[in-house]
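Encoded as structure tokens, the structure appears first; notes follow it.
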Amino acid sequence: HKYLEDYRFDLPADLEKQLFDIFDRNKSGSIDYNEFIRTLIGRMNDFRTQIVENAFAKLDKETKGSVPYDVIRESYNADKHPEVLDGKRTKQEILARFIDLFEYHFNLLNSNKNTDSATLKEFIDFYNYISIFVDDDKYFENLMSRIWGLGNTKNYGKIITFVKYNNPYY
């Protein structure tokens, strides 16, 4: 409400409520930066979704439709993370941040609090969030290839430090 007043948007109360409800994706009663951006940007494109599906399929070796967190932990490759390369963090710290972020995101979106494994839908939802911070499809492909060992990793030059928004990903 305050934002609309500050910028002199004069909307009827019912329309203001509808607009707020659209942006308040997790129904917390407030709109955070990520909700705002996700609502404006929308979901990942088909190219990125296919890459995420490929990563999940690689993890879901037994084709059960879900991947235990232990498999995710064992498969995640933090070797080329900028903070690991710079010596600022260890691979284990980056992995822990990844798992914490994954579980946090999962718990925000799900009433079923099964934190032992992730489904394809949950994996895609998570990367919809991460995708906000990656402008370039080829860089997203390279990122996913390096993390999940998808092969055909291309060298797109120096790692871009696009994360200036308190995102623990690269």
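The values are calculated or read from the model by the stated rules, or taken from the named source; none is laboratory data. Remember, predicted model here, so these are calculated numbers, not experimental data. In this analysis, Cβ positions are derived from the backbone assuming ideal geometry, glycine residues included, and neighbour counts consider all displayed protein chains. Calculation scope for accessible area: heavy atoms of the full protein, side chains included, ligands and nucleic acids excluded. Shrake-Rupley method; radii C 1.70, N 1.55, O 1.52, S 1.80 Å.
Could you check region 1-105 for helices (runs of 4 or more DSSP H) lying wholly inside it with 2 or more residues that are of a type in the set (Phe, Trp, Tyr) and within 27 Å of LEU143 (Cβ to Cβ)?
Where helices (runs of 4 or more DSSP H) fall fully within region 1-105 and carry at least 2 residues being of a type in the set (Phe, Trp, Tyr) and within 27 Å of LEU143 (Cβ to Cβ), they are 33-41, 46-59.
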Set LYS58, LYS64: member being surrounded by fewer than 17 Cβ atoms within 10 Å (Cβ to Cβ), in contact with a strand residue (DSSP E or B) (Cβ under 9 Å, 6 or more places away or on another chain) and either free of Cβ contacts under 8 Å to residues at least 24 places away in the same chain or charged (D, E, K, R) (or both): LYS64
Given (1) within 14 Å of the chain's Cα centre (by Cα); (2) open to solvent by 80 Å² or more (accessible area, probe 1.4 Å), number of the condition LYS80 does not satisfy: (1)
Residue in region 24-41 that is nearest to ASP135 (Cα to Cα), counting only those that are at pLDDT below 85, of a type outside the set (Val, Ile, Thr) and surrounded by 11 or more Cβ atoms within 10 Å (Cβ to Cβ): ARG38
